[in-house]
Amino acid sequence: MTRITPQKVAESFAAIERVRAASHGSSRRRLLPDHSLDVFLEVRFPGRERALVIASGEQIGNRQLVMANGLTCFFREGYVEVVAQPATDTHIFCTLLADLVDHLERTSVSPAAAVVRRITSWQRVLGRGLGGVLKPEARIGLFGELLVLRDLVLPACGRDAVSRWQGPASGVRDFAWGAWGLEVKTTSGDRRNPLRCRIHGEKQLDDGSLDYLALVHQQLQSDQAGSSLCDLVDELRDHPGIAGQRGVLENCLIEAGWFDVHRSHYESERWQLSVRRCFRVTEDFPRLVPRLLAKGISSVSYDLDLGACGQALVREAEVLAVLGAGVHHPGEGNG
């Protein structure tokens with residue numbers, strides 16, 4: 001399978017426009033000749049609106065979805081259309097289309113419906129200003145959350161693990177389930193003070209509604225013998241414990257800003273986990289929480305020196321035990 005890249009999408013649109021530069025009506029080019037669905041890139045003249053058109057016999061419901069960046073999606077009469085105005089950012093649009101086509105090719109059951117769900121995830125991503133290549137800090141943060149998903153949450157929670165990952169959807173904490181929560185902070189070894197982390201908001205370390213809240217701090221070291229972000233994503237996709245959660249994982253990844261069409265930007269950056277420390281957040285833990293703030297103050301971010309939190313250190317085994325004990329599957333007993 002030849003991967004459709006944003007560059008290839010942009011080149012195809014340019015080729016269509018060169019052929020019909022002065023015409024009215026529309027012109028289209030088949031994008032996936034061997035796919036069971038009819039998938040086209042289309043340019044509509046004279047306004048030069050660009051579109052992805054997918055023809056499907058699936059019943060997907062008629063509706064219109066207006067997205068950010070001048071994008072509109074139409075679902076009607078067996079067709080899925082993603083339409084961009086001429087002023088829409090070309091790179092963002094072509095990245096979106098390449099991702100949708102990649103998702104389409106990897107989906108065997110109800111592919112058009114899967115694309116509709118993918119578009120809904122993209123709507124949330126674009127609403128948060130994402131869609132481009134992840135910046136270094138975001139790459140490290142995503143790498144760290146995937147490490148915790150693999151090493152802690154997945155072993156403890158099994159088939160419920162991915163649904164506990166709340167960070168990509170802008171949850172208060174990175175992982176949550178019932179009465180426990182995990183907040184993950186990951187730093188690189190080249191930071192001047194690797195034991196200092198940034199806390200975003202007064203609710204992030206607020207354990208008021210929880211029985212157990214842990215702050216998991218990880219330090220990474222650059223190492224060409226280590227894993228890239230691509231490696232870690234692929235490892236989780238192929239993990240036996242993810243088998244029934246693959247769709248949830250894919251939506252979490254896109255909401256975290258991961259797009260397969262950007263893989264080449266991440267492949268050379270490799271990391272090893274140097275150290276992982278777990279801190280239990282209790283009443284004595286240094287933090288800012290809502291009840292400590294004067295009325296009218298909110299959205300507070302601050303630096304936390306973990307060197308002053310040694311008394312709160314707990315073993316990783318304790319965190320695993322708490323996570324495992326907090327899982328309850330519908331239809332199962334509590335014992």
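So, of the residues in region 74-110 that are within 24 Å of VAL248 (Cα to Cα) and surrounded by fewer than 16 Cβ atoms within 10 Å (Cβ to Cβ), which turns out to be modelled with the highest pLDDT? Step by step, filter region 74-110, then rank; the result is SER110. Restricting attention to region 175-215 and to residues that are of a type in the set (A, V, I, L, M) and closer than 15 Å to PRO286 by Cα, the residue that is farthest from the chain's Cα centre (by Cα) turns out to be LEU195. Of everything in region 136-165, what is surrounded by fewer than 16 Cβ atoms within 10 Å (Cβ to Cβ), closer than 20 Å to ARG277 by Cβ and in contact (Cβ under 8 Å) with a residue 24 or more places away in the chain? Give them in sequence order. Within region 136-165, just PRO155 meets the criteria.
Take the conditions over 26 Å from SER264 (Cβ atoms) and in contact with a Gly (Cβ under 9 Å, 6 or more places away or on another chain) and apply them to GLN64. Does it pass? So GLN64 does not fit the description; no.
Any idea which residue in region 54-87 is nearest to ARG118 (Cα to Cα), counting only those that are in contact with a Lys or Arg (Cβ under 7 Å, 6 or more places away or on another chain) and touching a residue at least 24 places away in the same chain (Cβ under 8 Å)?
Within region 54-87, the subset in contact with a Lys or Arg (Cβ under 7 Å, 6 or more places away or on another chain) is 62, 75, 84, 86.
Keeping just the survivors that are touching a residue at least 24 places away in the same chain (Cβ under 8 Å) gives 75, 84, 86.
On the way: PHE75: 13, ALA84: 17, PRO86: 23 Å.
Selected residue: PHE75.
LEU213 meets the stated requirement of being in a strand (DSSP E or B) and hydrophobic (A, V, I, L, M, F, W, C). Test LYS185 against the stated conditions and say whether it is closer than 14 Å to LEU142 by Cβ, touching a helix residue (DSSP H, G or I) at 6+ places or on another chain (Cβ under 9 Å) and of a type in the set (D, E, K, R). Here the answer is yes, as LYS185 does meet what is asked. Is it true that some residue in region 9-22 is part of a loop (DSSP other than H, G, I, E, B) and of a type in the set (Asp, Glu)? No, because not a single residue in region 9-22 is part of a loop (DSSP other than H, G, I, E, B) and of a type in the set (Asp, Glu). Would you call ALA113 closer than 30 Å to CYS278 by Cα and either crowded, with 17+ Cβ neighbours inside 10 Å or in the same structural domain as PRO240 (by TED's automatic domain parsing) (or both)? No: the conditions fail for ALA113. Name every residue in region 55-73 that is part of a strand (DSSP E or B), within 24 Å of the chain's Cα centre (by Cα) and surrounded by 12 or more Cβ atoms within 10 Å (Cβ to Cβ), in order of residue number. The answer is LEU65, LEU71, THR72, CYS73. Can you find a residue that is surrounded by fewer than 19 Cβ atoms within 10 Å (Cβ to Cβ), without any contact (Cβ under 8 Å) to a residue 12 or more places away in the chain and touching a strand residue (DSSP E or B) at 6+ places or on another chain (Cβ under 7 Å) anywhere in region 166-176? Yes: one or more hits. When GLY47 is tested against (1) without any contact (Cβ under 8 Å) to a residue 60 or more places away in the chain; (2) within 24 Å of SER110 (Cβ to Cβ); (3) assigned to a loop (DSSP other than H, G, I, E, B), exactly one condition is not met: (2).
For region 262-283, state whether one or more residues are modelled with pLDDT under 85, part of a loop (DSSP other than H, G, I, E, B) and of a type in the set (A, V, I, L, M, F, W, C). For region 262-283, residues modelled with pLDDT under 85, part of a loop (DSSP other than H, G, I, E, B) and of a type in the set (A, V, I, L, M, F, W, C): absent. Give the residue that is nearest to LEU210 (Cα to Cα), with candidates limited to residues of region 150-182 that are in contact with a Cys (Cβ under 9 Å, 6 or more places away or on another chain) and assigned to a helix (DSSP H, G or I). Of everything passing the filter in region 150-182, ARG164 is nearest to LEU210 (Cα to Cα). Taken across region 267-280, residues that are touching a Gly at 6+ places or on another chain (Cβ under 6 Å), crowded, with 17+ Cβ neighbours inside 10 Å and more than 30 Å from VAL9 (Cβ to Cβ) do occur, with at least one present. Among the conditions (1) over 21 Å from GLU316 (Cα atoms); (2) among the basic types (Lys, Arg); (3) assigned to a helix (DSSP H, G or I), LYS203 misses just one, which is (3).
Within region 213-242, residues that are surrounded by 15 or more Cβ atoms within 10 Å (Cβ to Cβ) reach partners that are among the β-branched types (Val, Ile, Thr) and assigned to a helix (DSSP H, G or I) with beta carbons closer than 8 Å, at six or more positions or on different chains, in the pairs ALA214/VAL319; ALA214/VAL322; VAL216/VAL148; VAL216/VAL319; GLN218/VAL148; LEU220/ILE140; LEU236/ILE242; ILE242/VAL162.
Of all residues being assigned to a strand (DSSP E or B) and touching a residue at least 60 places away in the same chain (Cβ under 8 Å) in region 186-200, which is farthest from TRP258 (Cα to Cα)? Just the residue, please.
Filtering region 186-200 down to residues assigned to a strand (DSSP E or B) leaves 186-188, 196-200.
The next check asks that each one be touching a residue at least 60 places away in the same chain (Cβ under 8 Å); those that pass are 188, 196-200.
Numbers: SER188: 19, ARG196: 26, CYS197: 23, ARG198: 22, ILE199: 23, HIS200: 21 Å.
This residue is ARG196.
Restricting attention to region 289-335, the residues that are at positive phi and modelled with pLDDT of 90 or more add up to 2. Consider GLU42 carefully, then state whether it is more than 30 Å from ARG237 (Cα to Cα), part of a strand (DSSP E or B) and acidic (Asp, Glu). For GLU42, the condition - more than 30 Å from ARG237 (Cα to Cα), part of a strand (DSSP E or B) and acidic (Asp, Glu) - is met.
The values are calculated or read from the model by the stated rules, or taken from the named source; none is laboratory data. All figures in this text were calculated on a predicted structure; none of them were measured in a lab. Cβ atoms come from the backbone with ideal geometry, glycine included; neighbour counts cover every protein chain shown.
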